[in-house]
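Worksheet: one structure, shown below.
The values are calculated or read from the model by the stated rules, or taken from the named source; none is laboratory data. Note that the structure is a prediction, hence the values are computed from the model and not measured. Virtual Cβ from ideal backbone geometry, glycine too; neighbours counted across all protein chains shown. In case anyone asks, the SASA skips ligands and DNA or RNA and just uses the protein heavy atoms, side chains included. Shrake-Rupley method; radii C 1.70, N 1.55, O 1.52, S 1.80 Å.
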Amino acid sequence: DFIGSSVIEGADYIEAHQATFFLSSSTVKADTIFTRSSTAYLGKYTHPEFGSFESSFMTQFNVTELYEIPGLSTFIPTGGKQEFLNTPNVYDRSFTPKRIYVSGLYTDYFGDSLAVGRINVYQLHRDLYNTDDIYYSDIETGDFYNESDLLGSSFYSPINLSIPEEDRNNNYLYTSVDLPVEKGKEIMDLYTDCKRNGKSFREEFLKAFKGIYMKQVQGDGAVLYLDQVRLTFTFDQYVLEDGEIMLDSERQDSTVETSFSFSTTKEIVQVNKFRNNTPDDLLDKDTCTYLKSPAGLYTRISIPLKDIADSITAKGDSLNAASFTVFTDSLQEKIDISAPDYLLLIRDTATIGGVFHNYQKEFFADNQLPDGITSFITQAGTKGYHFSNIKELLLIAMREYQNAGQSIPETLNLLLIPVSITLDGSTVIGVNHNLQPSYTVLQGGPDELSKRLKLNVYYCRYR
């Protein structure tokens, strides 16, 4: 206990202190967000306070290398029985499907289960390239299709009451749009030509059928979460019995209906397009702030960084912890839509040393994970969202400005962004923008003197 006492004059000790800094907050539009997802979103929903939200998507269909259509040799060709008998080489036959259609499969949706909408399917005339440039919510879909390239249209509602309830609960729900059978014949002719001439059907298919754009053109009240989209061909097929083809037209069981599909998978490109019509007066509220997803509204938190630096770190004191809670406003009780389960806290855009940083864009585009230093994830609590310790973020920001030869700014702006997370056990292994509709109202406002938001700072002083 006494080592070194002879060279230290008097007693040394550490004083612990706590200070409170008041924060201001505001609502900002989210602009564009990174929307890469294996889920396709389709529909429109309008909220009386938060405005409307629309979602549509473009997608390719995956065809594997060396793909073979199952059962092709027994499909009934365009010329019927005679062409079947007279054309031994199956790839010389002409096939026209009974039906070709696009279907979207889903188990979940948002909004009114009985809302009716009409959806259109268009053929793309431009390739979807697998680059990050197209995975943003404001992509201009008009660059990829023409209104004249309409393939089909149909009406839907999230719940089909003609299906028994037990079947709806145990199976995928789906919505489908019939396409012209001539389009199916074009694809089948392409397939047989590729097989005859040794060409890659995968490559030729993606050249000839670049994909589809599906959007809702009428109706309001629901958004579908499509887990998979399929392009399906339906044919009549001769039945085989003991290796012999049953061609007796008198037999009711001589033919069966069969089908095959090309689906959306992670190997191809799928792009979501979101459009919000959010009332501007939500941005001007001075008693609360808002969150809306997807691609809707964020809350900006402004921390008095210079005051913290001047009163603590500039005096040589050690910053130990900094925490704050954003409480849900009482207005939330009037909203009939759930609040986001998780929020990401990250720095707003900033220019440091002449370099512009868009922190949230880099975070999502680079598939980053929250590190508890420059980015933080928190789950909704009973009263709001709590961030337990952001002191490293404050210290890093101070050092960055000082190292760049800049004075510490009056405020450090942070963003609260609704997100969804992927877990492996209790470990976060993925963070994405929340692409499902969620709204919430938070306490706060631009006037920090209202003392609605408080940053509790803990620091120590060596004596």
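Here the stretch 305-325 is the region considered, the condition is being among the charged types (D, E, K, R) and either closer than 26 Å to residue 377 by Cα or in a helix (DSSP H, G or I) (or both), and the residue that is most open to solvent (accessible area, probe 1.4 Å) is 315.
Conditions tested, residue by residue: (1) more than 29 Å from residue 138 (Cβ to Cβ); (2) among the small types (Gly, Ala, Ser); (3) buried (at least 18 other Cβ atoms within 10 Å of the Cβ).
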position: 389; (1), (2), (3): yes, no, no
position: 401; (1), (2), (3): yes, no, yes
position: 405; (1), (2), (3): yes, yes, no
position: 422; (1), (2), (3): no, no, no
position: 428; (1), (2), (3): no, no, no
position: 438; (1), (2), (3): no, yes, yes
position: 445; (1), (2), (3): no, yes, yes
position: 454; (1), (2), (3): yes, no, no
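Determine if the stretch 312-322 includes at least one residue that is within 33 Å of the chain's Cα centre (by Cα) and farther than 15 Å from residue 290 by Cβ. Yes, that holds for at least one residue. Annotation: of all residues in the stretch 329-344 being of a type in the set (Gly, Ala, Ser) and at pLDDT below 90, the one that is nearest to residue 421 (Cα to Cα) is 338. If you go through the stretch 289-308 one residue at a time, do you hit one that is out of contact with any helix residue (DSSP H, G or I) (no Cβ under 9 Å at 6 or more places or on another chain), on the phi < 0 side of the Ramachandran plot and among the aliphatic types (A, V, I, L, M)? Yes, some residue in the stretch 289-308 is out of contact with any helix residue (DSSP H, G or I) (no Cβ under 9 Å at 6 or more places or on another chain), on the phi < 0 side of the Ramachandran plot and among the aliphatic types (A, V, I, L, M). Of note, residue 345 satisfies the criterion of being open to solvent by less than 10 Å² (accessible area, probe 1.4 Å) and in contact with a strand residue (DSSP E or B) (Cβ under 9 Å, 6 or more places away or on another chain). Just to verify a result, which residue in the stretch 316-331, among those that are small (Gly, Ala, Ser) and touching a helix residue (DSSP H, G or I) at 6+ places or on another chain (Cβ under 7 Å), is nearest to residue 385 (Cα to Cα)? This residue is 322. Each residue in the stretch 131-144 was checked for being surrounded by 14 or more Cβ atoms within 10 Å (Cβ to Cβ), among the hydroxyl-bearing types (Ser, Thr, Tyr) and outside any strand (DSSP E or B), and 3 pass.
For the stretch 145-172, the candidate set comprises residues that are small (Gly, Ala, Ser) and open to solvent by 80 Å² or more (accessible area, probe 1.4 Å); within that set, the residue that is modelled with the lowest pLDDT is 162.
The rows are residues; the columns are (1) part of a loop (DSSP other than H, G, I, E, B); (2) over 29 Å from the mean Cα position of the chain (by Cα); (3) closer than 22 Å to residue 261 by Cβ.
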{"residue": "148", "(1), (2), (3)": "no, no, no"}
{"residue": "154", "(1), (2), (3)": "no, no, yes"}
{"residue": "160", "(1), (2), (3)": "yes, no, yes"}
{"residue": "166", "(1), (2), (3)": "no, yes, no"}
{"residue": "184", "(1), (2), (3)": "no, yes, yes"}
{"residue": "189", "(1), (2), (3)": "no, yes, yes"}
{"residue": "196", "(1), (2), (3)": "no, yes, no"}
{"residue": "207", "(1), (2), (3)": "no, no, yes"}
{"residue": "216", "(1), (2), (3)": "no, no, no"}
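If the condition is being in a loop (DSSP other than H, G, I, E, B) and at pLDDT 70 or above, then the stretch 222-246 contributes 239, 246.
Please verify whether the stretch 261-276 includes one or more residues that are open to solvent by less than 40 Å² (accessible area, probe 1.4 Å) and over 30 Å from residue 207 (Cα atoms). For the stretch 261-276, residues open to solvent by less than 40 Å² (accessible area, probe 1.4 Å) and over 30 Å from residue 207 (Cα atoms): absent.
Per the listing 417, 377, the residue uniquely open to solvent by 10 Å² or more (accessible area, probe 1.4 Å), in contact (Cβ under 8 Å) with a residue 40 or more places away in the chain, β-branched (Val, Ile, Thr) and not in a loop (DSSP other than H, G, I, E, B) is 377.
Among residues of the stretch 421-435 that are of a type in the set (Ser, Thr, Tyr), those with a Cβ under 6 angstrom from a residue that is open to solvent by less than 40 Å² (accessible area, probe 1.4 Å), sequence gap 6+ or separate chain, pair up as 422/430.
Inspection of the stretch 352-362 finds no residue satisfying the criterion of being touching a Gly at 6+ places or on another chain (Cβ under 8 Å) and surrounded by 16 or more Cβ atoms within 10 Å (Cβ to Cβ). Checking each residue in the stretch 323-346 for being under 21 Å from the mean Cα position of the chain (by Cα) and among the charged types (D, E, K, R) picks out only 341. The one condition from (1) closer than 27 Å to residue 15 by Cβ; (2) in contact with a helix residue (DSSP H, G or I) (Cβ under 7 Å, 6 or more places away or on another chain); (3) open to solvent by less than 50 Å² (accessible area, probe 1.4 Å); (4) not in a strand (DSSP E or B) that residue 409 does not meet is (1). Can we say residue 85 is at pLDDT below 95, among the hydrophobic types (A, V, I, L, M, F, W, C) and out of contact with any strand residue (DSSP E or B) (no Cβ under 9 Å at 6 or more places or on another chain)? Criteria met by residue 85. Selection within the stretch 89-108: residues that are outside any strand (DSSP E or B) and hydrophobic (A, V, I, L, M, F, W, C). The member of this set that is most open to solvent (accessible area, probe 1.4 Å) is 90. Within the stretch 109-130, being open to solvent by less than 60 Å² (accessible area, probe 1.4 Å), among the hydroxyl-bearing types (Ser, Thr, Tyr) and within 19 Å of residue 207 (Cα to Cα) holds for one residue alone: 122. Please verify whether residue 6 is assigned to a helix (DSSP H, G or I) and either modelled with pLDDT of 95 or more or over 30 Å from residue 190 (Cβ atoms) (or both), treating the condition exactly as stated. The answer is yes for residue 6.
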